[in-house]
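A.B. asks: Questions regarding the structure given below will be posed in turn.
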Amino acid sequence: MKPARIPQTLTPPLHWADIPWGEYYREALDRQLQPWLSKMFGFHLLKIGTLSAEINTDNCAISHQVTVSSLGDRVQARADPLQLPFENRSIDACLLAHTLPWCQDPHRLLREVDRVLIDDGWLMLSGFNPVSVLGLGKCVPFQRRRVPYNSRMFSMMRLIDWVALLNFEVIYQANFHVLPWQRQGGDLLSAHLPALGCMQLIVARKRTIPLTLNPMKRRKENAQLRPAVGATRQYQKPLRMPVYQEDNPRHQELDD
């Protein structure tokens, strides 16, 4: 297996239109994301990468949406995605629409996303499927320098393993759009052979397990019940015995 981090820097496309049949890919990804965007609530939605900026997220209830990238025009925060300029646990949802395929260090990018996401935050991750018609183009030598064949295509199992190591729970995973040159991606093939889809999507939520015990809960576990007092228990005063003294005259008469 090839390492995730590579020394060379990859230049991502600025628009989906720069990718052959890129508008078909964007429309297919929009259809897959719409049911999940309506379930997300919060204050801040973060889009990483220029391709993420063109994804339609109007159906999402999160009104404040920010795009971060080092390139492009439709960017609100120009910064390196590997060093996100946000505080820890300040983002409610994060969209990585084909950001990992052109990322130099995908592990570092996912760790940055994990840092800025709140507990139970949403992660939407998409990419190209290497086991597909599109993935076969990487086998052709003169095609490897062209978009999108110059991108890095990770398998679904590898991406799931990465997010699982960061304590993300995968809620939804799918491959879709089998035929890239068709707008609908081949409805018949997509219905019967979804594993061969050129596009792949993962929707996950960040899960945080506390490492320290709750003090209140620990105090309750160590608490001991007091013994119950019997309702029929009777208390009697002790009887006082007479005290005989030698100087008592009555006792002296009895002795005589």
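The values are calculated or read from the model by the stated rules, or taken from the named source; none is laboratory data. Quantities reported herein were computed from a predicted structural model and do not represent experimental measurements. Don't worry about glycine lacking a Cβ; one is built from the backbone with ideal geometry, like all the others, and counts go over all protein chains shown.
A.B. asks: Which of the residues that make up segment 189-210 are outside any strand (DSSP E or B) and closer than 16 Å to F128 by Cβ?
C.D. replies: Correct list: S190, P194, A195, L196, G197, C198.
A.B. asks: Let me ask something additional. Checking G72 against (1) crowded, with 20+ Cβ neighbours inside 10 Å; (2) at positive phi, which test does it fail?
C.D. replies: It fails just one condition, (1).
A.B. asks: Return a yes/no flag: does segment 47-54 have any residue that is touching a residue at least 60 places away in the same chain (Cβ under 8 Å) and within 21 Å of the chain's Cα centre (by Cα).
C.D. replies: Yes.
A.B. asks: Are there any pairs, at least 6 apart or on different chains, whose C-beta atoms fall under 9 Å, with the first in segment 13-36 and more than 19 Å from S132 (Cβ to Cβ) and free of Cβ contacts under 8 Å to residues at least 60 places away in the same chain and the second of a type in the set (V, I, T) and in a helix (DSSP H, G or I), and if so, which?
C.D. replies: Listed by first residue and then by second, the contacts come to L14/T50; H15/T50.
A.B. asks: Another question about this same structure. Which condition number does G185 fail, the rest of (1) over 18 Å from D30 (Cα atoms); (2) modelled with pLDDT under 90 being met?
C.D. replies: (1)
A.B. asks: Something else now. Can you spot a residue in segment 24-40 that is part of a loop (DSSP other than H, G, I, E, B) and surrounded by fewer than 17 Cβ atoms within 10 Å (Cβ to Cβ)?
C.D. replies: Yes, segment 24-40 contains a residue that is part of a loop (DSSP other than H, G, I, E, B) and surrounded by fewer than 17 Cβ atoms within 10 Å (Cβ to Cβ).
A.B. asks: Taking the criterion of being touching a helix residue (DSSP H, G or I) at 6+ places or on another chain (Cβ under 9 Å), in contact (Cβ under 8 Å) with a residue 40 or more places away in the chain, under 26 Å from P20 (Cα atoms) and part of a strand (DSSP E or B), would at least one residue in segment 67-76 satisfy it?
C.D. replies: no
A.B. asks: Count, please, the residues in segment 41-59 that happen to be among the aliphatic types (A, V, I, L, M) and part of a helix (DSSP H, G or I).
C.D. replies: Summing the residues that are among the aliphatic types (A, V, I, L, M) and part of a helix (DSSP H, G or I) in segment 41-59 gives 2.
A.B. asks: Output the number of the condition that P20 fails; it satisfies all remaining conditions of (1) buried (at least 20 other Cβ atoms within 10 Å of the Cβ); (2) closer than 21 Å to R144 by Cβ.
C.D. replies: Every listed condition holds for P20 apart from (1).
A.B. asks: Based on what the data block shows, is M157 modelled with pLDDT of 95 or more and in contact with a Leu (Cβ under 6 Å, 6 or more places away or on another chain)? Walk me through it before giving the result.
C.D. replies: Numbers: modelled with pLDDT of 95 or more: yes; in contact with a Leu (Cβ under 6 Å, 6 or more places away or on another chain): no.
Spelling it out, it is not the case that M157 is modelled with pLDDT of 95 or more and in contact with a Leu (Cβ under 6 Å, 6 or more places away or on another chain).
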